[in-house]
Amino acid sequence: MPRRYLQFTLLLVIAWSVFVLTHEGGHIIGGWLSGGTLAEADLLPWHLPHSRFAPDPHPLVTVWSGPLLGAILPVALALAIGRNWAWLIAYFCLLANGTYLAVAWVTGDRLLDTARLLDAGAWSISIVAYCALTISAGYVGFRRECVRLLTR
């Protein structure tokens with residue numbers, strides 16, 4: 001197996017872990033900053049991480065903080081690092097955050113973020129705009145970095 005495929009596989013594992021930790025960490029930071037009390041958290045990346053605040057006085061802040069910080073933090077790190085592998089991870093996180101909200105909307109699962117956003121009063125158009133922006137930018141950038149890594 002060529003070295004680049006091993007690197008690519010390792011980067012995907014890292015990208016998934018960064019996505020999970022920044023997304024769920026965003027919920028935790030948002031909940032804490034908005035006065036919530038963390039009742040439960042699970043950040044292990046090999047299953048669906050979750051956090052729960054009780055009470056959560058501002059659930060809209062808590063829930064939006066996951067996808068927002070989950071997208072912003074990896075991009076900020078990629079800007080600071082300035083390497084192609086960092087951008088591959090950042091674009092993966094953009095794509096994953098947007099896709100997660102879009103798929104959660106389609107499934108209608110009440111425990112996933114999209115239903116929780118809508119229940120907390122988020123405007124549907126804000127979720128659509130977030131998904132459109134992150135999925136399109138994430139896909140274009142992730143594809144470009146994949147091609148760059150796998151064809152060099």
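The values are calculated or read from the model by the stated rules, or taken from the named source; none is laboratory data. Nothing here was measured: the structure is a model prediction, and the numbers come from that model. The protein model used for the area step is the full one, side chains on, heavy atoms only, and it has no ligands, DNA or RNA in it. Shrake-Rupley method; radii C 1.70, N 1.55, O 1.52, S 1.80 Å.
I'd like the Karplus ³J(HN,Hα) series for the range 68-83: coefficients 6.51, -1.76, 1.60, θ = phi - 60°, whole numbers in Hz, and an x wherever there's a Gly or Pro.
5, 5, x, 9, 6, 4, x, 5, 4, 5, 5, 4, 5, 7, x, 10
Can you pull the percent of the chain's accessible area that's carbon plus sulfur, 1.4 Å probe, other chains left in place?
The value for the chain is 71 percent carbon and sulfur by accessible area.
What number, rounded to the nearest 500 deg cm²/dmol, is the helix-based mean residue ellipticity at 222 nm of the chain, given -39500 (n - 2.57) per DSSP H run of at least four residues and division by all its residues?
Estimated from H runs of four or more residues: -26000 deg cm²/dmol.
Please list, in order along the range 123-128, the HN-Hα scalar couplings obtained from phi with the Karplus expression 6.51 cos²θ - 1.76 cosθ + 1.60 (θ = phi - 60°), rounded to whole Hz, x for Gly and Pro.
6, 4, 5, 5, 5, 4
By how many degrees, 0 to 90 and rounded to 10, does the Cα axis of helix 3-33 deviate from the longest principal axis of the chain?
The two axes meet at around 20 degrees.
Could you state the number of Å between the C-alpha centres of the range 27-54 and the range 87-152?
If you average the Cα positions of each part, the centres end up 20 Å apart.
Residue-wise, which Karplus ³J(HN,Hα) couplings in Hz belong to the range 98-115, taking 6.51 cos²θ - 1.76 cosθ + 1.60, θ = phi - 60°, and x for glycine or proline?
So the J values, rounded to whole Hz, are x, 5, 4, 5, 5, 5, 4, 5, 5, 6, x, 4, 5, 8, 8, 4, 5, 5.
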